[in-house]
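A quick write-up on the structure given underneath.
The values are calculated or read from the model by the stated rules, or taken from the named source; none is laboratory data. Nothing here was measured: the structure is a model prediction, and the numbers come from that model. Here the Cβ is made from the backbone with ideal geometry for all residues, glycine too, and neighbour counts use every protein chain on show.
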């Protein structure tokens, strides 16, 4: 296992990326590269079902939390 993969922050961010890719498979072709992970915009445009958007936003918050905790531990 690569050293960075042992961090929970990396694991949570990786889970988020995989979930976003899976959730956005059905997006219109013109949005494939223009959305840049803007989950709230995708939800507002109804590209994502509300329950999917909610799960992704929760995963985003979890990834953000662990990344912040990792940054704090490095000070």
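Only one residue in 23, 19 is closer than 23 Å to residue 1 by Cα and either surrounded by 11 or more Cβ atoms within 10 Å (Cβ to Cβ) or touching a residue at least 12 places away in the same chain (Cβ under 8 Å) (or both), so which one is that?
Values: 23 fails: closer than 23 Å to residue 1 by Cα.
After ruling out the rest, the residue left standing is 19.
Can you pull out the residues in segment 43-69 that are more than 10 Å from the chain's Cα centre (by Cα), more than 11 Å from residue 20 (Cα to Cα) and surrounded by 14 or more Cβ atoms within 10 Å (Cβ to Cβ)?
43, 47, 66, 67
Just need a number here: residues in segment 1-34 that are modelled with pLDDT of 90 or more and over 17 Å from residue 59 (Cβ atoms).
4
Farther than 27 Å from residue 5 by Cα and out of contact with any helix residue (DSSP H, G or I) (no Cβ under 9 Å at 6 or more places or on another chain): does that describe residue 50?
Numbers: farther than 27 Å from residue 5 by Cα: yes; out of contact with any helix residue (DSSP H, G or I) (no Cβ under 9 Å at 6 or more places or on another chain): no.
Against the criterion (farther than 27 Å from residue 5 by Cα and out of contact with any helix residue (DSSP H, G or I) (no Cβ under 9 Å at 6 or more places or on another chain)), residue 50 does not qualify.
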